[in-house]
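Notes follow the structure.
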Amino acid sequence: MTEIRADQPGSSEPSPPSLKKLRSTLGHLAKKARREGLLSLRDDLDGVAHPALRRGLEMVVDGVPPDRILEAYREDIVALAQNGEDGARAKAQKAQKARGDRLCATALGVVALQQGYRPRVVRKLLAGFGA
C-alpha cells in the first residue's frame, strides 16, 4: 500500500498528503475493500499516519454509518473554515483552502470506499479536487 507519512525527517506531525497521493491511496484501499471486505482495512491502519484519513478509516472498519462519518468530517471542515476567517494573509488563506480541499477529498473518498465504489470511480471522484 502507498503509505501517507510525514515528509520531513524528525517531524512529529505528519504533513498533509497531496491530493494525488490521497487519490492513489484511497484507490488502493477501495480495491482492497472490494476484494477482501472492509474489515481487511484494519491491517492498513498502521501505515496511515495522516490523522484525518486514519480516523475515517477507523470509523469505516468500526462500522460507523456514512452519515456519521460525514458529520465528523463536516465539523472539522467548518472549524477549518472558521479559523481562516480572521483576515489572514493571501498565502495563509491559500494554504488553508488547500487543507480544506484535502479534508473534503478525504471525507468523500472514505465514504465512497465504504459504499463499495470501484477504485476507478473513487479516483475520478477525487480528481475533481485538482492535483
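Bear in mind these aren't lab numbers, they're just calculated from the coordinates by the rules spelled out. Because the structure is a prediction, the values reported are computed rather than measured. FYI the Cβ positions are ideal-geometry reconstructions off the backbone, even for glycines, and counts take in every protein chain you see.
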Which peptide among 105-114, 63-72 comes first, and what is the full order, when sorted by highest mean count of other Cβ atoms within 10 Å?
105-114, 63-72
With a 21 Å threshold on alpha-carbon distance, the violating pairs from K31/K97; K20/K124; K20/K94 are K31/K97
Roughly what would the spin-label model give for D101 and E75, points 7 Å off Cα along C-beta, in nm?
2.7
Treat each spin label as a single point 7 Å out from the Cα along the C-beta direction, and report the E36 to R68 distance in nm.
2.5
Contour excess over end-to-end distance, with Cα ends at E58 and Q82 and 0.36 nm allotted per residue:
6.0 nm
Above 25 angstrom, tally the Cα pairs of the stretch 19-127 and express them as a % of all pairs, no decimals.
21
